[in-house]
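Comments concern the structure below.
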């Protein structure tokens, strides 16, 4: 990742955050009025999948490749 | 009795499968494009309504019944058969070509079937064609996975047929007409059979088991037909079955969780078929016109981008001979075209603006919102985070970036890239012009995917998913392991049967036999020679000369002489005493 990649992502995120305050919210769900909700959602959601899946894998799901003896 | 003769689209491809062996070998690949194109033209131009029905015994088989729903599925089935034909243009193996046509034709047959018996026949033909595409890889793993795939699908077909027969006995009709009643056992049996093909957990494991072991080109066809023809049947007869909302959401998350663990790139893609079909199943459960449109649109989009993703993974496998992330890495300089075409599919499945996943997935999520099922909205949105994580980040990062695996890939056949480019163009085309798809959906709707809140959502989620991935990408490093799934239920007992029931039993009998033999040898050893005292008396052999008891024979002359001497002594004694 080069520096300008991060800048591009930062600018896009900033624009999307600004847009939340410019455009009226869709009030149908409670979370649509929480600022930056989808930023937090994306970040935490990603961590959730990484750690939850890995924990399940460690617990019992992941086995050696010859587990089925085929 | 033929009411009006029209060639059903399915028959064009099935005729292609029959005629292909008679086509000169050099022209077969071209024929594999012409038949799907002809089918596409027929699907497109068929008038709405019952086109062809024949009487079979006392039932009316409706081979071709066209409405907006069947037509849109027919269009995408024919289209992907064509695109897959381009991608597989270099394949000269007749078996694979015939199987692909048979498989695609049967999927068309399901889409246009007007009665349950016709649907069932095509349903089973699909299982045959698809099984061959797994077997054709000709590895030991694919032979076994193909057999499991076939058996599981025969079981699913059994459920479906049981439901159909029960339904016929209840109603006296074979027609596929409207939503099935939730109060009837036959409906639940049919649902079981269809859910198996739609890969609804726990009936899903066949998919992640078999698809990664299929041929490079076969997996492209596999990704398109079986699950989506099942989605078609769900839309047709199960709309509004609320259990499907929960099952769909579970599927969407289940596939994502397992894809994070998977090592084989095509297994990651396979788990994301389950995840994406979850959206469609949930849409069927919601059951509103918007939701059913969303399901149909998403099936259409999904067939395109998933085929594209399997094509990309297929090029990697074809050119490197490897498909495990643990054996891949650092290929970006050697295969940039494949990477970027693959990324179009990855952006599409992740629901990025300008790509076709954006315009179809959002319809289902919006329908869940309109129906006030907020938990489904949030969980389906969460699943899309995981989709981007595995398909858009993990897979490409560890395949094309990451540590260089040292493999230098060969050049893929040009037509593989052409096939990918065509499908990628369609992903983009429908992404920027959603009305091209929306106008052909089963119900009229005015839906605008490109709203500011939706764009905000689909900008923020990917960016921050990426940030989290980048921070914790080390955690995603895969190991050369397999992930257990519900196929454990029939694969582990097979191992148990092999090693414990057969292996251990055979071992027990072997030990028993050895013990018995040893005992017999010991006992017989006791009796093969005279007792040592006699031997010592009559033997020439000095003590301890190393001869074994069984082998050492007494000196027979001495024994006879001794016996005769005894006779002489006894005779003399009796002579003198009797005197």
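The values are calculated or read from the model by the stated rules, or taken from the named source; none is laboratory data. From a predicted model like this one, the values you see are computed outputs, not experimental measurements. Note: ideal-geometry Cβ built from the backbone for every residue, glycine included; neighbour counts use all protein chains shown.
What the table shows:
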read-out	value
Test for residue B:46: is it at pLDDT below 95 and touching a helix residue (DSSP H, G or I) at 6+ places or on another chain (Cβ under 8 Å)	yes
Any hit, the stretch B:75-89, residues being under 26 Å from residue B:168 (Cα atoms), in contact with a helix residue (DSSP H, G or I) (Cβ under 6 Å, 6 or more places away or on another chain), in contact (Cβ under 8 Å) with a residue 60 or more places away in the chain and in a loop (DSSP other than H, G, I, E, B)	no
Number of the condition not met by residue B:441 [criteria: (1) assigned to a loop (DSSP other than H, G, I, E, B); (2) in contact with a helix residue (DSSP H, G or I) (Cβ under 6 Å, 6 or more places away or on another chain); (3) within 8 Å of chain A (Cβ to nearest Cβ)]	(3)
Residue that is farthest from residue A:18 (Cα to Cα) [pool: residues in the stretch B:471-482 that are at the interface with chain A (Cβ under 7 Å from one of its Cβ atoms) and without any contact (Cβ under 8 Å) to a residue 40 or more places away in the chain]	B:475
Scan of the stretch B:485-500 for residues that are within 7 Å of chain A (Cβ to nearest Cβ) and within 15 Å of the chain's Cα centre (by Cα), ordered by number	B:491
Residues satisfying the stated conditions in the stretch A:16-51, i.e. closer than 27 Å to residue B:392 by Cβ, loosely packed, with under 13 Cβ neighbours inside 10 Å and facing chain B (nearest Cβ under 7 Å)	none
Any hit, the stretch B:479-489, residues being at pLDDT below 95, assigned to a helix (DSSP H, G or I) and surrounded by 10 or more Cβ atoms within 10 Å (Cβ to Cβ)	yes
Any hit, the stretch B:441-448, residues being out of contact with any strand residue (DSSP E or B) (no Cβ under 6 Å at 6 or more places or on another chain) and buried (at least 22 other Cβ atoms within 10 Å of the Cβ)	yes
Subset of the stretch B:381-411 that is over 25 Å from the mean Cα position of the chain (by Cα) and over 18 Å from residue B:474 (Cα atoms) - its residue that is farthest from the other protein chains (Cβ to nearest Cβ)	B:411
Residue match in the stretch B:235-254 (condition: assigned to a loop (DSSP other than H, G, I, E, B), more than 24 Å from residue B:102 (Cβ to Cβ) and within 14 Å of chain A (Cβ to nearest Cβ))	no
Given (1) in contact with a helix residue (DSSP H, G or I) (Cβ under 6 Å, 6 or more places away or on another chain); (2) more than 25 Å from residue B:234 (Cβ to Cβ); (3) not in a helix (DSSP H, G or I), number of the condition residue B:101 does not satisfy	(3)
Selection from the stretch B:450-467 of residues that are touching a residue at least 12 places away in the same chain (Cβ under 8 Å), surrounded by fewer than 22 Cβ atoms within 10 Å (Cβ to Cβ) and either within 7 Å of chain A (Cβ to nearest Cβ) or touching a helix residue (DSSP H, G or I) at 6+ places or on another chain (Cβ under 7 Å) (or both)	B:454, B:466
